[in-house]
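Some notes on the structure that comes next.
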Amino acid sequence: MERQASLVRKIGSRFVDPEIALLAGEELTGKVRRDLLDLAYRNNWANILVNLSVGGGFILVFWAQDNLSAALMIWYAVVTVLCVVRLWGNYLYRRARMGISELQADDFQRWHFRYVIGVLTAGFLWSVVCIVQIPIVQGESQFLTMIIIAGLAGGAAGILAPMLLVGRIYLIALLVPPAVTLTLMSEPNYILAFMGLIFLIVMLVTHQNNHAVLFRSLVLKHQHDDLVEDLRQKNRITENWNATLEASVEKRTKELRNLVVHDTLTGLLNRDGIHEWFENMQRSGDELDFAVLFIDLDHFKQINDGLSHAIGDEVLRAVSNRLREHIDDQHAVGRWGGDEFLMVLAETKEELHGLVDATIQKAQYAVNQPINISGHTLHVGFSTGVAFATKDNPGISELIHWADLAAAEVKRSGRGAVHNYDNLLLIEQERRLAINQALRRALSAEEFHIQYQPVIKAKGGAVLSYEALLRWNSGELGFVPPDEFIPIAEESALIVDIGEWVLREACKAIQNCDDIAAQTKVAVNVSIRQIIVPGFAEMVERILVDTGLSARRLVLEVTESIFEKRQTVQISDVLAQLHDMGIEIHIDDFGTGYSSLSRLHQIKIDAVKIDKSFVLKMDENARVVIEGAILIAHRFGLKVIAEGVETEDQRKMLDAMGVDAHQGYFFARPGKIPCPNRHWQIDEVSGV
Ligand code: C2E
Ligand code: MG
Ligand code: MG
């Protein structure tokens with residue numbers, strides 16, 4: 001403030017209102033000063049021309065009054081010269097200002113000084129002419145002189161508004177000398193002098209007001225300009241800030257996007273990530289084909305349940321890292337969920353198949369290496385389903401679905417292998433879905449019935465039992481063979497209700513059939529899924545009670561998979577309970593599954609049924625298996641039944657090997673009960 005005040009004192013006071021200048025501030029005052037000088041020079045033309053013309057008018061008035069003197073003529077010549085000099089100065093100023101936006105301080109001082117000199121000299125000349133002429137002229141001429149001077153002052157109050165002090169001096173120079181002269185004359189004209197002074201005061205106030213308005217408007221203009229500039233600056237800063245903000249938002253968005261598209265446990269792409277990657281690849285316009293590898297870890301559930309979920313997580317992480325190592329950036333590797341991983345390979349059509357084989361091989365080798373976690377050495381394998389994208393089938397969801405189907409197929413037909421997807425799989429899958437749906441309605445829609453196939457004693461040909469074989473005539477799908485629908489019913493646990501129904505119906509049928517010998521049994525197939533349902537033995541007992549069938553007349557056929565399942569203890573307990581009730585337990589499809597020979601003694605069973613595949617084949621290997629099975633079974637005191645006996649040769653051979661009973665088309669196809677109630681005499685059958 002102090003500096004500002006001193007500045008105003010130093011320069012402002014000369015030509016701007018100190019109060020206003022103080023308000024405007026130092027920098028702004030400087031700008032306004034320069035503008036005022038510009039304006040002053042712009043108005044100067046008018047001032048000069050008015051001087052010239054009013055001076056000429058003055059000459060005319062005095063000439064008309066016959067008062068024109070040589071001194072007046074000289075005065076006007078001086079005025080004219082001054083006007084020319086001032087005009088020239090004005091021109092120079094305009095020229096000097098043209099090339100530059102703002103005057104330097106020195107230039108400003110110089111041009112300001114020149115202006116002041118020009119104006120004040122003009123004012124001085126008017127003072128001189130008034131002082132000299134007014135006493136000389138009388139009456140009307142005095143009035144005319146005062147009117148001309150007053151007109152001049154009126155114009156100056158506006159024209160000299162940019163310059164406060166100079167304007168004031170000019171006005172005073174115009175009006176004070178004639179007023180004083182009028183009073184000091186030999187014949188003073190006080191009225192005219194008084195009027196002249198009043199007019200001076202009015203003009204000084206007008207001039208000051210004009211100056212103030214001008215100054216304020218210039219201050220406002222500059223403030224506005226500064227504001228605009230300020231805003232522009234701020235905008236620029238805001239733009240920068242916006243750009244920084246945009247960058248950080250973009251960065252953060254990318255980070256969030258990364259989180260969204262990556263699996264938190266393994267860091268691999270997740271489902272969204274795989275989709276996004278695929279879309280980007282498609283958009284890239286490269287002529288690439290795609291292959292999806294659906295990788296499903298084998299027996300991961302055992303690790304998870306048996307050890308802990310924490311160790312399970314570690315295994316998933318280790319597998320992820322190993323998979324990632326064998327895939328470069330051009331391809332994608334992701335976790336589909338649980339123990340399922342995906343690799344999506346992008347390659348030219350010619351190279352793709354080779355790349356898939358190589359990648360699976362490398363990945364299998366890497367993942368198969370032992371994983372050491374918390375003192376456990378774990379071995380992990382996986383099943384792979386592969387699907388290739390053709391131009392007609394570019395959707396990633398469809399591709400993954402196909403690869404998933406192919407992997408499921410691998411799981412069904414033994415793990416650890418690779419299966420390529422083909423269209424048959426999809427058809428198969430759709431059929432499985434349709435069967436699953438139709439099965440849910442089959443029981444209530446009474447679409448099931450049972451056929452019975454006899455099991456014939458090898459020695460003597462008596463019917464030992466009838467095997468109950470379920471048949472399904474679906475309202476929607478027509479006849480569906482049990483080999484097709486039973487596994488699906490087992491997968492979905494529908495088998496529990498269906499199995500109970502079969503058991504009840506079979507017991508009822510055999511109990512109510514009068515044509516059947518009292519000791520002939522009924523053999524009912526039972527799935528593991530049914531056995532592990534709590535209360536299975538009680539359910540069987542209840543059915544026996546309900547139907548009135550003796551436990552001694554019931555055979556339950558279970559498959560070898562009972563040895564494979566983890567609930568072996570539970571299963572053997574249930575089977576033992578049933579066995580203790582007097583029910584016979586037979587192992588069905590013996591020889592096809594888990595090598596259970598050594599564990600036969602662990603479970604209370606009565607017989608094994610050698611699978612029909614061995615009987616039907618009856619080659620060297622099959623014979624070895626059958627003979628071995630018969631040998632061991634007999635060692636354990638178990639009977640041996642051969643199923644799938646279609647020919648007499650087979651029967652004879654099996655007899656020679658020592659089987660205890662036969663079942664097969666050679667004797668009877670599954671059919672209605674009562675079956676022919678007779679003994680199959682060996683001679684009779686063979687025709688011997
Ligand atoms: P399985 O228990 O091994 O039944 C014997 C299968 O062999 C039957 O097939 C029967 O028709 C067939 N078969 C009998 N003799 C011959 C022959 O000489 N040659 C040939 N090629 N086949 C013969 P099916 O009836 O199609 O049953 C297939 C499988 O479905 C059964 O195999 C059994 O595992 C399952 N199954 C059938 N009914 C039921 C049921 O009620 N419950 C359960 N859990 N499974 C059932
Ligand atoms: Mg069976
Ligand atoms: Mg069988």
### Task
Could you check how many residues of segment 640-663 are within 20 Å of LEU554 (Cα to Cα) and either within 15 Å of ligand 3 (Cβ to nearest atom) or crowded, with 24+ Cβ neighbours inside 10 Å (or both)?
7
### Meets criteria (within 16 Å of ligand 3 (Cβ to nearest atom) and modelled with pLDDT under 95) for GLU490
yes
### Message
Give me the residue from segment 542-576 that is within 16 Å of ligand 3 (Cβ to nearest atom) and among the aliphatic types (A, V, I, L, M) and, out of that set, modelled with the lowest pLDDT.
### Response
ILE562
### Message
So in segment 319-328, with the set limited to residues that are without any contact (Cβ under 8 Å) to a residue 60 or more places away in the chain and hydrophobic (A, V, I, L, M, F, W, C), which one is farthest from LEU342 (Cα to Cα)?
### Response
ILE327
### Message
Residue under question is GLY628, and the condition is that it be in the same structural domain as ASP483 (by TED's automatic domain parsing), more than 16 Å from ligand 3 (Cβ to nearest atom) and surrounded by fewer than 23 Cβ atoms within 10 Å (Cβ to Cβ); does it hold?
### Response
yes
### Summary
Within segment 194-230, the residues that are loosely packed, with under 15 Cβ neighbours inside 10 Å and either more than 27 Å from LEU37 (Cα to Cα) or aromatic (Phe, Trp, Tyr) (or both) are PHE194, ILE198
### Task
Considering only segment 528-541, state which residues are within 16 Å of ligand 3 (Cβ to nearest atom) and either within 18 Å of SER465 (Cα to Cα) or at pLDDT 95 or above (or both).
none
### Task
Might you let me know whether segment 473-483 holds any residue that is among the charged types (D, E, K, R), surrounded by fewer than 19 Cβ atoms within 10 Å (Cβ to Cβ) and within 16 Å of ligand 3 (Cβ to nearest atom)?
yes
### Task
Go through (1) away from ligand 1 (no atom under 13 Å from the Cβ); (2) of a type in the set (Gly, Ala, Ser); (3) in contact with a Phe, Trp or Tyr (Cβ under 9 Å, 6 or more places away or on another chain) and name the single condition ALA506 misses.
(1)
### Message
Return the pair list, or none, for Cβ contacts closer than 7 Å from residues in segment 620-643 that are farther than 20 Å from GLN663 by Cβ to residues that are surrounded by fewer than 17 Cβ atoms within 10 Å (Cβ to Cβ), at least 6 apart or on different chains.
### Response
PHE636/HIS601
### Residues of segment 597-625 satisfying the condition of being more than 15 Å from ligand 1 (Cβ to nearest atom) and more than 60 Å from the chain's Cα centre (by Cα)
ASP606, ASP619, GLU620, ARG623, VAL624
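The values are calculated or read from the model by the stated rules, or taken from the named source; none is laboratory data. All of these numbers come straight from a predicted model, not from anything done at the bench. All Cβ positions, even for glycine, are placed from backbone atoms using ideal geometry, and neighbour counts span all protein chains on display.
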